[in-house]
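Scroll down for the structure; my scribbles are underneath it.
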Amino acid sequence: MVEVEETSKFMFAGLSDVSISGDIAVEGEINVPVGTPSQDKKYSTLDEPVKDTILRDLKAVGKKFVHVMYPKKSSALLRDWDLWGPLLLCVTLALMLQGGSVDSKEDRGPQFAEVFVIIWFGSVIITLNSKLLGGTISFFQSLCVLGYCIMPLTVAMVVCRLVLLGGSWGFSFIVRLIVVTASFSWSTFASTAFLADCQPPNRKALVVYPVFLFYFVIGWMILTFSPSA
Amino acid sequence: MASPDDLKFQEFEEATDLLLADPGASTLSMSGSSSMALAGATGDIKLDMSDDEGQEESSELLRGEKQTSGFWTFEYYQSFFNVDTMQVLDRVKGSVMHLPGRNFIKHTLQSSPDLYGPFWICVTLVFSLAISGNLSTFLNSLGSPHYHYRPQFHRVTIAAVVIFLYAWLVPLGVWGFLTWRQREERQQSGYSFLETVCVYGYSLFIYIPTSVLWILPFEWLRWLLILVAMVISGSVLVLTFWPVVRDDTKVTAFATVATIVVLHALLSIGCKMYFFQTATHTPVPTLAPNHTAAVLTNKTH
């Protein structure tokens, strides 16, 4: 009994100067293994139906898509980061860039693996670059922002594929060029709206330039996509 | 009025006394003799703050001195990215419009190399080569019928391998050779490996606008651009490495400088020949019968 008291005193030593009298319900992030079941029921997600779990994640992803479409300086993207959205966008984009022209084996467009590697490897390198330059954003938050901001480019890819049904050259090329340029600037603008605040002010351009290059390369891959004859 | 020497001596004594009393205190001083105390204090700070904010503060402290952390810590690499926007722009300008007689490392870098410039210049160069090459191939074949646009994505991979090998292996070789010679001849200090990489990286900057201008399909213009780019970036390299090599034997000195220039020339000519092929040289196996048919019909006209 005495040993338990002493160990519990050691565990909660940091709380010793907080004076709590009586049995007050504690809310917050402290995961205390012992506690009445009625307090934990709100935060326990083990017993909920699977549909609720999936819908909760889907709603979070959907909310972030909305934040990207209308980029305001909100911190929701940064606070509750997740990588489901970027994965979904990356796989969709890589699948849609498939089926390009296969005249000869070496002159084809990017394959699935190449697109995947460029997007993820590129995001990792940009995140590392931003952190090395002294940024205060965390690794996964930055990956999350960069991945979600690919969404305008994915939308542009869908539009391009639809436009390509009506022919490859002339008017359709101009339409595709405008759409890809607009969505690439939108992506860059949206991601810098989230990322630029986390940098020291005299290095903002050093962080924004790789992001610009990243979305430019993705935009180039989308623009040069030509369907098989 | 106490003389300045007395005041200085007293301050140093006070500082050491305070440090002895409390070894964990954080000190900040610019003199080299107390760098050991600073290293100890920095180590304590690292232990106290284990979250992300701690990195910033320790990198702030390290800014004035040489890095004391090992190569496995994040701060070690952070010290190579210690540049501002204006500094990077100045270094890029220094590599393009430098005055003769100015050593790039001594004047522009001021002996604090960074890795941001070389890395991102190489990446930009890779993509600008691949994209411009693709555009020029497309523009060349615009007139011929049955032409099917090909993205030629494999060129990105090839460009990346070539550029990054050049930008890292050649400085390694040059640095290794210069260090070996310097050790043999016991001369004054050469350049560190990072400074060599930095010089090579920034000297590649001129090829980015050159590769974009190579899209224009005039052969004489392309060779003229190669010449101009070679002169500019080659002179940066030569002016940087000549003072180190000059004290060596004549033969070695000239051979070293000549090798540097020749390798640089090979890179630019090789890139131009591979990525920007003229219409007559483009290997088009599947279109060959159509092409010859088109040539024959043209000749009969």
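The values are calculated or read from the model by the stated rules, or taken from the named source; none is laboratory data. A quick note: this is a predicted structure, and the numbers were derived from the prediction, not measured. We place every Cβ from the backbone using ideal geometry, glycine too, and count neighbours over all the protein chains shown.
Listed values, structure above:
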read-out: Residue list for region A:218-229, filter: surrounded by 21 or more Cβ atoms within 10 Å (Cβ to Cβ), assigned to a helix (DSSP H, G or I) and within 10 Å of chain B (Cβ to nearest Cβ); value: A:221
read-out: Residues located in region A:198-217, provided they are more than 10 Å from every other protein chain (Cβ to nearest Cβ) and farther than 21 Å from residue B:127 by Cβ; value: A:198, A:199
read-out: Residue match in region B:236-243 (condition: at pLDDT 85 or above, polar (S, T, N, Q), assigned to a helix (DSSP H, G or I) and surrounded by 13 or more Cβ atoms within 10 Å (Cβ to Cβ)); value: no
read-out: Filtered residue count, region B:70-102, keeping only those that are under 18 Å from residue A:206 (Cα atoms) and of a type in the set (Phe, Trp, Tyr); value: 3
read-out: Region B:124-137, subset farther than 13 Å from residue B:214 by Cα and facing chain A (nearest Cβ under 7 Å), residue surrounded by the most Cβ atoms within 10 Å (Cβ to Cβ); value: B:124
read-out: Residue in region B:170-185 that is closer than 28 Å to residue A:112 by Cα and either assigned to a helix (DSSP H, G or I) or at pLDDT 85 or above (or both) present; value: no
read-out: Residue that is farther than 24 Å from residue B:90 by Cα, of a type outside the set (S, T, N, Q) and touching a residue at least 60 places away in the same chain (Cβ under 8 Å), where the choices are B:224, B:216, B:178; value: B:178
read-out: Subset of region A:171-197 [surrounded by fewer than 19 Cβ atoms within 10 Å (Cβ to Cβ), within 14 Å of chain B (Cβ to nearest Cβ) and touching a residue at least 40 places away in the same chain (Cβ under 8 Å)]; value: A:177
read-out: Some residue of region A:215-224 being farther than 22 Å from residue B:149 by Cα and polar (S, T, N, Q); value: no
read-out: Subset of region B:91-105 (residues that are surrounded by 14 or more Cβ atoms within 10 Å (Cβ to Cβ) and either modelled with pLDDT of 70 or more or touching an Asp or Glu at 6+ places or on another chain (Cβ under 6 Å) (or both)); value: B:91, B:92, B:94, B:95, B:96, B:98, B:103, B:105
